[in-house]
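Laboratory data are not the source of any read-out in this text; all were calculated from the coordinates shown. Computed from a predicted structure; not experimentally measured. Here the Cβ is made from the backbone with ideal geometry for all residues, glycine too, and neighbour counts use every protein chain on show.
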Amino acid sequence: MTPDSSFAALVDYWIEDMEIEDRLSHTTRLLYERNIRKLVLPLFENLTLREIGVARCDYFIKQLAKDSYNKARQARVAMRLALGLAVRHELIPRNPMDHVSRLRRPSREVNTFTPAEVRYIRTAIRTWEEREVTAGPRPDGQLGQIVEVMLGTSARIGEVLAIRLCDLDLKSAIPTVRICGTIVSRACEPTHRQDHPKTAQSVRRIALPKFAVDAIRARLRNVIVRGKDTLLFSTRRGTPHTTNNIRRRLRDVTAKAGIDAVTPHRFRCAVATAINDAAGIDLAATLLGHTDSRITQIHYVPRDEIVDASTTEHLEAAG
């Protein structure tokens, strides 16, 4: 590799270096590779490394951000890592991505459920599961049970589907579940359980409310083959559910009941909001497995525009 090597050659070299270093998870490496090949290479593949400067990178990211903030953010991360490798190997004197303009995240409202909406969704799922079925297999209750566990733990959909029987402790005075894995589906690979969740902070043992315990016990009555690593939720063949299938089934069932845009993420927002209202943002962040409560505050809890009424007392005293 030299300064006159193409950016495409650097990308191949960077991907190989990530595999050799083996610091990132396989899923993360695939994500970075996809982002740089799909978002960046079409415009940069024929450029040499010495032709890639701050101005060119800055313009590219700004143009991409006009189409999608997320695409621009993903491209920026991948480009910084790839060009960072070029700097470490002394192919370029500095990383141009360190000097591009900061991306401005578009403002958006947190989309959560009210308690009344959660009750309506529960009823809609129960009605669908208990309906008369004239053809095909009858629903086995897993969709509703999965929703109850999501509401009782705040866990991500992949984390819930990755719960094993050995992760459950229902015999203690306070029943708990250990969240310590997730379900991943990659191209050309069977869906499988990954033995760690999104982050190290996401590994946590959560006390279960009664409604979640009831849902888990109901599911256990239908689990015939039991082993240490047996999944709590699985297909009729005993294989892991894919997160996409559960999302799609949840969306289809609730849409038929007239409820739009029902997603697992919104359940996490509903749980975070309930815990924040009752006990504060720090406990909500811990429950969700966040390392920084600001993440919870910004992305999971709607902003409360009502100012604490005690300000009136302070102002009266000051006046």
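Give me the net charge of M18's neighbourhood, meaning all other residues with Cβ under 10 Å from the Cβ of M18; Lys, Arg count +1, Asp, Glu -1.
Within the 10 Å Cβ shell, the charges total -4.
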Determine the distance separating the Cα centre of the range 82-109 from the Cα centre of the range 147-211; give it in Å without decimals. 35 Å
Please give me the summed charge of the neighbours of H99: other residues whose Cβ is under 13 Å from its Cβ, Lys and Arg +1, Asp and Glu -1. +3
Sort T27, T254 so that the residue with the fewest other Cβ atoms within 10 Å of its own Cβ comes first and the one with the most comes last. T27, T254
Listed residues M79, L10, L24: farthest to the positive end of the dipole of the range 7-99 (Cβ charges): M79
Calculated FRET value between R248 and A200, using beta carbons and R₀ = 22 Å, to 0.05: 0.15
Say each of R221 and V133 gets a label point 7 Å from the Cα, pointing the same way as Cα to Cβ; how far apart are those two points in nm? 1.7 nm
Could you list H241, H192 in order of exposure, starting from the residue whose Cβ has the fewest other Cβ atoms within 10 Å? H192, H241
Suppose we flag trypsin sites (Lys or Arg not before Pro) only when DSSP calls them loop and at most 14 other Cβ atoms lie within 10 Å. Which is the longest uninterrupted stretch of the chain? 24-93
Distance in nm between label sites at T230 and A116, each 7 Å beyond Cα in the beta-carbon direction? 4.3 nm
Report the extension gain between R105 and L43 in nm, rounded to one decimal, defined as 0.36 nm multiplied by the number of residues separating them, less their alpha carbon distance. 20.0 nm
Student exercise, the chain dipole from Lys, Arg, Asp, Glu Cβ charges, in Debye to nearest 20: 920 debye
If you line up the long axis of helix 7-21 against the longest principal axis of the chain, both from Cα atoms, how many degrees apart are they, to the nearest 10? 50 degrees
Any idea which of N95, A55, S68 is furthest toward the positive side of the dipole for the range 7-99, if Lys and Arg beta-carbons carry +1 and Asp and Glu beta-carbons -1? S68
Helix 115-130 sits at what angle to the longest principal axis of the chain, using alpha carbons and giving 0 to 90 degrees rounded to 10? 70 degrees
Computed from these coordinates, which is mean projected area of the Cα convex hull in nm²: [x] 18.9; [y] 23.5; [z] 17.0? [y]
Using the beta-carbon distance between D67 and T263 and R0 = 25 Å, what value does 1/(1 + (r/R0)^6) give for FRET efficiency, to the nearest 0.05? 0.65
Restricting to DSSP H runs of at least four residues, report the calculated mean residue ellipticity at 222 nm for the chain, -39500 (n - 2.57) per run over all residues, nearest 500 deg cm²/dmol. -15500 deg cm²/dmol
Quick one: compute the contact order of the chain, relative version, from alpha carbon pairs under 8 angstrom and 6+ residues apart, as a percent. 15 percent
Take the cross-link list K171/K228; K62/K198; K171/K198; K38/K62; K38/K71 and give me the ones stretching past 19 Å between alpha-carbons. K62/K198; K171/K198
Mind checking the full-extension length gain between E90 and V307? Use 0.36 nm per residue of separation minus the Cα-Cα distance, one decimal, nm. 72.7 nm
Please give the helix 210-220 orientation as an angle from the longest Cα principal axis of the chain, in degrees from 0 to 90, rounded to the nearest 10. 90 degrees
